[in-house]
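Every read-out reported here was derived from the displayed coordinates using simple, explicitly stated rules and does not represent laboratory data. From a predicted model like this one, the values you see are computed outputs, not experimental measurements. Every residue, glycine among them, receives a Cβ derived from its backbone with ideal geometry; neighbour counts consider all protein chains shown.
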Ligand code: SF4
Ligand code: SF4
């Protein structure tokens, strides 16, 4: 079972839920935990795995061979990222905008587009006890983490249980993270902003036909709008985690709250209600 933990924005508790869910599940069997939040991966602050190996993630960046280019402009017209322009003096690729999609090379009638390799980030893995941990890192300034996420996910595609920490928001990177998922666990908080951002990410998961449930973190029983909305859309609330000062303090120290008995129950319940515990035959 592949369960992805998502949130419409950062700071609502996505990593809190993903790492503690992994920690609790690892008592029952082997878990792969992937941190696909490639611009700011922080799962390993909590899981504390030694890194066993790291691999670069490269993309192919185009450049125009001036001896073949007729400056017809087709490549520029078809690049949806504005990353290639044709000037009187020649055809120029703006590497910081290029996603390495290959469209310009495909479209060029003169076969004037050549490619060179560029490293945009890396993936790392470490294994200890029952947790195989993996994370992707996108280099600062790179426009897209999709290729990093794809390579990270392809490393252990057939593992029984994969818990994934997705990037925040509703971007292409989130869609890439969700591909192939069996369950989307969306984390939100009891505020109007939380509700607004949750709707955006929920829309993606539901359009991709992925079974979805919600965790309301820092739950405030006086704010009913989130529950009313979810009830009207027939979306299950998996857990309501109240604001507890000790949880915030433990999180800020990089500690797994599920190591304490009273908080472990929260994540056991999430594991049960999402069906992931059952997949471990427990
Ligand atoms: S499509 Fe090819 S020939 Fe046309 S401008 Fe681009 S690189 Fe040059
Ligand atoms: S590889 Fe894609 S993004 Fe990069 S310049 Fe070509 S068409 Fe644009």
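An ellipsoid equivalent to segment 59-119, defined through the eigenvalues of its Cα gyration tensor, has semi-axes of 16, 12, 11 Å when rounded to whole angstrom and sorted largest first.
Full extension of the chain between residue 179 and residue 68 gives 36.1 nm of extra length, using 0.36 nm per residue less the Cα-Cα distance.
Just how far, in whole angstrom, is segment 76-140 from segment 194-264 if you go by their alpha carbon centroids? Computed from Cα coordinates, the inter-centre distance equals 35 Å. Can you tell me the 0 to 90 degree angle between the C-alpha axis of helix 192-207 and the longest principal axis of the chain, rounded to 10? That works out to roughly 70 degrees.
Estimated from helical segments only, the mean residue ellipticity of the chain at 222 nm is -9000 deg cm²/dmol, where each DSSP H run of four or more residues counts as -39500 (n - 2.57).
Each peptide in 64-77, 119-132, 5-18 was scored by the mean count of other Cβ atoms within 10 Å over its residues; highest first, the order is 5-18, 119-132, 64-77. Each of residue 119 and residue 51 was given a label point 7 Å from its Cα along the Cα-to-Cβ line. The distance between the two points is 1.1 nm.
Can you give the angle from 0 to 90° between the axis of helix 14-25 and the longest principal axis of the chain, with both taken from C-alpha atoms, to the nearest 10? For 14-25 against the chain, the angle is about 60 degrees. Legend: Rg and Dmax of the chain, from Cα coordinates, 21.5, 70 Å. A simple spin-label model places pseudo-atoms 7 Å from Cα toward Cβ; at residue 139 and residue 78 they are separated by 2.7 nm. Potential lengthening of the chain between residue 96 and residue 237 amounts to 46.7 nm, from the contour at 0.36 nm per residue minus the alpha-carbon distance. Among 33, 196, 99, the ranking by other beta carbons within 10 Å of each residue's beta carbon, starting with the fewest, stands as 196, 99, 33. In this rough spin-label picture, where each label sits 7 Å from Cα along the Cβ direction, the residue 209-residue 259 distance is 4.3 nm.
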